[in-house]
Amino acid sequence: MAAERYAYLRPGVIDLLKQGTLFAGERRTTRFSFADALLELGGSRSDVVVLNADVSKGMGTYTFAERYPERAFNLGIAEQNMIAAAAGMAQSGLLPFVATYAVFATLRGLDMIRNSVCYTRTNVKFGCGHAGITSAEDGATHQGQEDLSIMRAMPNMVVIAPADDVSTKKAVRAVAAHLGPAYLSLTKEPLPLLYDDTFPFAIGAAVTVRAGVDATIVANRDMVAQALLAAEAADREGLDVRVIDCHTVKPLDEEAILRAAKETGAIVTAEDNVLAGGLGSAVAELLIERGPVPMRRIGVPDTFCESGPYLDLLERYGLSAGHILRAVRTVVALKSR
Amino acid sequence: METSERTLRLKSVSYREAILRIISQAGAGHTGGDLSAIDILNVLYNRILNVSPQTASDPDRDRFVQSKGHCVEALYAVLADRGFFPSAELDTVCRYGSRLIGHPTRAVPGIEHNTGALGHGLAVAVGMALAGRLDGRSYRVFTLLGDGELDEGSNWEASMAAAHYGLDNLIVIVDRNGLQITGPTEQVNALEPLADKFRSFGYALRQVDGHDIPALVEALASAPFERGKPSLLLAHTVKGKGISFAENQAGWHHRVPSAAELERAWAELAAQRAALEGS
């Protein structure tokens, strides 16, 4: 397949996709991309403060604390206080970024996110690592497999799950410029460096990273890599599959998804998140009302996951490129009936 | 009695009347806690806070966060009196289309933060105090907590942070009326020895009769109680204060007075006003 099918990919990524060796290439965990972006942002904006709940090593934000110690706050293992305090800082004109793991922010701190951040509409940004089952070896207590579902249910919250280093850094700049609450869903597992600097990031604007006409895979965060691998495998079977990086789960880019449904006639969603309420749900809710086409959802089933190497867990819980490929075959077959 | 004290005590009578009017027209509200907190709010807004409708967005204004958001009727009564919005609007509390809903929101002039879920105000105030220090501003942050609300663990997380950062620009007031929705705090989830707990968490603590106007003025004006420490004013209050049949009754947590009860309340408050005017 011609390289021009792809957009915004770094040199060499297409070769890795063709060889199926994407994870052997260069990778970086997006929580550290987030920390890098904060370091840069802190230099240009003196109102940026970074709060964490004793996970500055795990989130990489110790680099910000070293450069700007007076603007870094480790509030201890106390997420409720950290999040409400961030709301108070935002009320006082600062631009707080809260950094912790997805499970701890979105579950232990949820009441504070709901009332002191979203309801009060304070300008608080979240960068939360270990989302999905990317915290593979840690087991279920650390696997933030429901953060997209929970955050999507919060009015006023922007929810973003970027797929790689470049898009994560652009997402940080975008949420800093956005007035209102925003949540970045980040990984523990290092993700392939997919995009070059031309990747066009805007909140709520899904990006078509592979053109195709037979079906569309709508993916985000770590599943964009699996979607690209699945599309490349489908290509070998003569299926020309579009891949959309739908980094923003809310607000959903309805236009891009409706267009893909119309133009390709079949949709597979792929997310490393529970099937209840995440990206697949958002896409299904849209399509069922405004343009139903054959559709399958790839995501974490209704279970807690075990420990293990990340790629093994993707296989075990039905999230790997191979599972996506099977779903693509299914929706294409349904389309022709 | 000094003129200024009489003026404030007369205001408290007016505020109590306003609270009962609001609750009876709305058919909902938190009578007991409103009446236990109102003298504290009176002193804050009329003697302590450097905030007015004209300075409501001044970055150097003192901040007040009412963590016990359910007692919003008391806050509305004081804010209206201070000119943040027209007093006539008090007749719309809880009505469809009114901005004066059943718990505080930022949509109302003078209110800093949406509260109502308990255990938020102190942590929000910690953030405001940290921001004030970082920005080199001189404002102080006051927050009013209920005692039942202290069951929420987030208050103790926030207290640790307040002490850790030595936030002497933070003044926490606890409305210690001894009752929560289902009964005495000591029967529900015992708080005592409460003063010792707060001291051990790192506060400089003072205790006051939360209905003694001059004592409240003196205590709040003296904050911070100690340099380098957050201040905690443990205000001993009576739930339902000022309306004899509502005093110290857990059942009045959010009971709405009947017509007959209202008549009695108006008579009691009129007698309080007459006594003050004659003193």
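Odds and ends about this structure:
- Each residue in the stretch A:145-179 was checked for being over 25 Å from A:Tyr310 (Cα atoms) and part of a loop (DSSP other than H, G, I, E, B), and 7 pass.
- Hits in the stretch B:1-16 (condition: surrounded by fewer than 18 Cβ atoms within 10 Å (Cβ to Cβ) and not aliphatic (A, V, I, L, M)): B:Glu2, B:Thr3, B:Ser4, B:Glu5, B:Arg6, B:Thr7, B:Ser14
The rows are residues; the columns are (1) within 14 Å of chain A (Cβ to nearest Cβ); (2) open to solvent by less than 20 Å² (accessible area, probe 1.4 Å); (3) under 15 Å from the mean Cα position of the chain (by Cα).
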residue: B:Asp34; (1), (2), (3): no, yes, yes
residue: B:Ile40; (1), (2), (3): no, yes, yes
residue: B:Asn50; (1), (2), (3): no, no, no
residue: B:Pro53; (1), (2), (3): no, no, no
residue: B:Arg63; (1), (2), (3): yes, yes, yes
residue: B:Val72; (1), (2), (3): no, yes, yes
residue: B:Tyr76; (1), (2), (3): no, yes, yes
residue: B:Glu112; (1), (2), (3): yes, no, yes
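- Criterion (in contact with a helix residue (DSSP H, G or I) (Cβ under 9 Å, 6 or more places away or on another chain) and more than 22 Å from A:Asp165 (Cα to Cα)) met by exactly one of A:Val243, A:Val300, A:Val274: A:Val274
- Taken over the stretch A:75-92, the criterion of being closer than 23 Å to A:Thr187 by Cβ and surrounded by fewer than 18 Cβ atoms within 10 Å (Cβ to Cβ) is satisfied by A:Ile77 alone.
- Taking (1) closer than 21 Å to B:His113 by Cα; (2) within 10 Å of chain B (Cβ to nearest Cβ); (3) in a loop (DSSP other than H, G, I, E, B) in turn, A:Gly76 satisfies each apart from (1).
- Tabulated pairs, the stretch A:118-141, first assigned by TED's automatic domain parsing to the domain that holds A:Pro301, second open to solvent by 10 Å² or more (accessible area, probe 1.4 Å) and small (Gly, Ala, Ser), C-beta under 7 angstrom, 6+ apart or interchain: none
- For the stretch A:95-114, the candidate set comprises residues that are facing chain B (nearest Cβ under 10 Å) and surrounded by 24 or more Cβ atoms within 10 Å (Cβ to Cβ); within that set, the residue that is farthest from the chain's Cα centre (by Cα) is A:Met112.
- Taking the criterion of being touching a strand residue (DSSP E or B) at 6+ places or on another chain (Cβ under 9 Å) and hydroxyl-bearing (Ser, Thr, Tyr), the only residue of the stretch B:1-38 that qualifies is B:Ser36.
- Helices (runs of 4 or more DSSP H) enclosed by the stretch B:149-205 - at least 1 residues per element that are of a type in the set (Gly, Ala, Ser), modelled with pLDDT of 95 or more and open to solvent by 60 Å² or more (accessible area, probe 1.4 Å): B:194-200
- The set of residues from the stretch A:118-129 being more than 10 Å from every other protein chain (Cβ to nearest Cβ) and not aromatic (Phe, Trp, Tyr) comprises A:Asn123, A:Lys125, A:Gly127, A:Cys128, A:Gly129.
The values are calculated or read from the model by the stated rules, or taken from the named source; none is laboratory data. What you see is a predicted model, and the numbers here were worked out from it, not measured in a lab. All Cβ positions, even for glycine, are placed from backbone atoms using ideal geometry, and neighbour counts span all protein chains on display. When the accessible area is computed, the model is the full protein with side chains, heavy atoms only, and any ligands, DNA or RNA have been set aside. Shrake-Rupley method; radii C 1.70, N 1.55, O 1.52, S 1.80 Å.
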